[in-house]
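Let me begin by presenting the structure, written as structure tokens, before commenting on it.
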Amino acid sequence: MANAKPDTDLLKTPLHDLHVAHEARMVPFAGYAMPVQYPGGIMTEHRHARSAAGLFDVSHMGQAILRGADVAASFEKLVPGDIASLAVGQMRYTLLLNDAGGIRDDLMATRIEEDGRFALFLVVNAACKDADFAHIATALEGEAELEILEDRALVALQGPHAESVLAELAPGCRDLVFLEGAGMAVDGVEAFVTRSGYTGEDGFEISLAADAAMAFAEKLLTHDEVALIGLGARDSLRLEAGLCLYGHDIDETTTPVEAGLSWAVGKRRREAADFPGAVTILKQIAEGPSRKRVGLRPEGRAPVREGAPIRDAGEQLVGKVTSGGFAPTLEQPIAMGYVSAACAEPGMSLQIELRGRSVSAEVAAMPFVKPRYKRS
Amino acid sequence: MADRKYTEDHEWVEVDGDAGVIGISDYAQEQLGDVVFVELPDIGKILDQRDEAAVVESVKAAAEVYTPVSGEVIEVNEELNNDPSLVNTDAFGEGWFIKLRLSDPTELEDLMDEATYKTFVAGLN
């Protein structure tokens with residue numbers, strides 16, 4: 001990891017002692033000591049999140065509030081999403097872009113209202129947060145102000161039982177649908193709750209004061225349906241859901257079009273062509289990109305891993321795997337990677353290099369596992 | 001039990017006559033987590049001590065298994081193709097990997113006995 005620190009310098013989330021008490025295996029991740037798995041193991045944790053409710057500590061992620069006279073217009077200078085059209089409480093997945101149209105980070109932005117004024121609540125990736133916040137603050141200096149929320153924890157509760165469990169502590173969570181958020185009391189504590197997540201399941205992400213997080217997490221864990229889930233299963237869950245992992249499936253060298261994220265480029269924004277890298281991105285939308293992110297299903301049971309070369313039937317190198325692993329829900333290996341556009345049609349047969357031999361893999365539509373978001 | 005010998009990479013070999021059964025330790029399977037695939041060598045393959053004998057894939061990552069002793073592969077555990085999780089549930093028994101015909105039994109002297117290995121693992125935590 002680029003910014004790994006020695007173990008002794010690792011930051012701790014507000015739930016660190018909870019992980020240790022639950023015998024998590026802690027690993028360095030983006031400068032934090034994070035639980036990769038608990039004694040139950042990744043497979044069990046993964047299935048628990050798909051069948052009941054998984055509790056994830058994602059407090060390492062960056063949280064901030066952006067305020068300004070016309071905060072949506074300001075933020076749109078940095079992202080291709082239609083932010084101005086968001087209603088209060090609406091959340092959107094968007095991308096911080098560089099001038100070449102590459103992806104600096106992916107993030108969630110929610111429009112909130114504070115004392116009659118609009119603001120944006122932002123959640124960004126842990127490994128990118130320092131760079132993201134510096135970029136936003138500098139780029140929007142004089143028109144918008146960024147308040148980094150250092151003293152907030154972020155907890156995700158994901159799975160088919162997430163709503164029934166959270167509703168006991170915050171009945172108002174039932175009123176939210178997918179990609180909506182609202183401030184509400186959770187067990188008497190002020191919190192901002194969004195119906196969102198990174199698993200493909202229905203669920204919530206709860207932002208609350210760091211010093212209230214432990215009591216909240218422990219209360220959730222008193223429910224039989226709730227179990228702690230580590231980063232290992234978080235990764236296998238998001239891979240099944242076809243969601244990108246920043247630094248692997250998307251980075252500064254990939255554009256939203258190549259990444260299959262053109263839907264995150266708003267219609268009005270396309271017409272205005274007023275976002276970083278617009279020339280490159282709009283040209284790729286019009287003409288098609290030279291390479292695309294695709295889902296892959298290797299034959300057999302052997303997982304293919306990040307970095308594995310991908311070849312076509314004529315043994316020509318056409319791309320490489322960016323994420324790969326075993327899908328506990330499907331009980332077979334799955335992967336995603338970039339391939340040249342000519343090889344990106346679902347159903348096409350490609351070859352992935354694995355330990356000096358070739359494994360056949362079919363280009364597959366994503367998500368691999370049908371999402372169960374609550375859309376209405 | 002008495003003749004099970006270990007490497008510092010957590011492989012074990014159990015010798016019976018001129019044949020040795022090879023697997024990974026309980027500590028190793030715990031570190032790996034849920035095993036989802038094991039790649040086994042072809043029967044008849046000649047392996048030198050420390051050669052890669054198999055690859056274990058967990059949900060998250062791949063790990064190589066090196067043979068503790070030299071020899072010819074005379075049997076592989078086909079059951080692992082049907083149920084790779086045997087490595088997790090019974091690392092010292094049903095979760096074995098390969099059987100070798102030892103070419104140099106003196107290599108066993110390089111390996112740790114049960115008590116030494118236990119002390120070695122305790123020192124890792």
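How fast does the stretch A:231-373 diffuse by Stokes-Einstein, in µm²/s, taking the Kirkwood radius from C-alpha pairs at 25 °C and 0.890 mPa s?
157
Shielding by partners for A:30-40, please: the mean number of other protein chain Cβ atoms within 10 Å of each residue's Cβ.
The mean count of partner-chain Cβ atoms within 10 Å per residue comes to 1.
What is the Cα coordinate range of the stretch A:145-249 on the first, second and third principal axes, sorted by size from largest, in whole angstrom?
Rounded to whole Å, the extents work out to 41, 39, 25 Å.
Which value in deg cm²/dmol, rounded to the nearest 500, describes the helix-derived mean residue ellipticity at 222 nm for chain B, given -39,500 (n - 2.57) per DSSP H run of n ≥ 4 and division by the residue count?
-4500 deg cm²/dmol
I need two numbers for chain B: Rg to one decimal and Dmax as a whole number, Cα atoms only, in Å.
Here Rg and the maximum Cα pair distance are 13.4, 38 Å.
Counting only protein heavy atoms, what percent of the accessible surface of chain B is carbon or sulfur at a 1.4 Å probe?
46
Within the accessible area of the stretch A:232-323, what % is carbon and sulfur when the probe is 1.4 Å and the other protein chains stay in place?
51
Could you calculate the FRET efficiency of A:Arg174 with A:Ala84 from 1/(1 + (r/R0)^6), where r is the beta carbon distance between them and R0 is 30 Å, rounded to 0.05?
After rounding to 0.05, the efficiency reads 0.55.
So, how do all the Cα-to-Cα distances of chain A break down into 20 Å bins, in percent, from 0 on up?
In order of increasing distance, the bins hold 28, 59, 12, 0 percent.
Please work out how much length the chain gains when fully extended from B:Thr116 to B:Asp9, using 0.36 nm per residue of separation minus the C-alpha to C-alpha distance, in nm with one decimal.
My answer for the length gained is 37.2 nm.
Which three lengths, in whole Å and largest first, does the stretch A:284-352 cover when its Cα atoms are put on their principal axes?
Projected onto its principal axes, the Cα set of the stretch A:284-352 covers 38, 25, 21 Å.
Can you give the convex hull volume of the alpha carbon atoms of the stretch A:5-164 per residue, in Å³?
Here the figure is 151 Å³ per residue.
For A:Arg268 and B:Phe92, what is the calculated FRET efficiency with R₀ set at 51 Å and r taken between the beta-carbons, to the nearest 0.05?
My answer for the efficiency is 0.20.
Tell me which residues come under 5 Å, amide H to amide H, from A:Gln332 once H is placed; ignore anything under 5 positions away on its chain.
Counting only residues 5 or more places away or on other chains, the set is A:Ala327.
Could you sort out which of A:Lys283/B:Lys60; A:Lys129/B:Lys60; A:Lys12/B:Lys118; A:Lys12/A:Lys219; A:Lys129/A:Lys292 sit more than 29 Å apart by Cα distance in this structure?
Flagged as over cut-off: A:Lys283/B:Lys60; A:Lys12/B:Lys118.
With a 1.4 Å probe and all protein chains kept in place, how do A:His248, A:His19 rank by accessible area, largest first?
Result of the area sort, largest leading: A:His248, A:His19.
For chain A, what is the calculated [θ] at 222 nm in deg cm²/dmol (nearest 500), taking -39500 (n - 2.57) for each run of four or more DSSP H residues and dividing by its residue count?
-6000 deg cm²/dmol
What average count of beta carbons from other chains do you get within 10 Å of the Cβ of residues in B:52-62?
That average works out to 5.
Please average, across the residues of A:300-311, the number of beta carbons from any other chain that are within 10 Å of each residue's own beta carbon, and give a whole number.
So the per-residue partner count for this stretch is 3.
Excluding ligands, DNA and RNA, what is the accessible area buried between chains A and B, summed over both sides, using a 1.4 Å probe, to the nearest 100 Å²?
1400
Order A:Ile285, B:Ile46, A:Ile352, most accessible first, counting only protein heavy atoms with a 1.4 angstrom probe.
B:Ile46, A:Ile285, A:Ile352
The values are calculated or read from the model by the stated rules, or taken from the named source; none is laboratory data. Everything quoted here is computed from the prediction, not taken from an experiment. Cβ coordinates were reconstructed from backbone atoms using ideal geometry, including for glycine residues, and neighbour counts include every protein chain displayed. Side chains included, ligands, DNA and RNA excluded: accessible areas come from the protein's heavy atoms. Shrake-Rupley method; radii C 1.70, N 1.55, O 1.52, S 1.80 Å.
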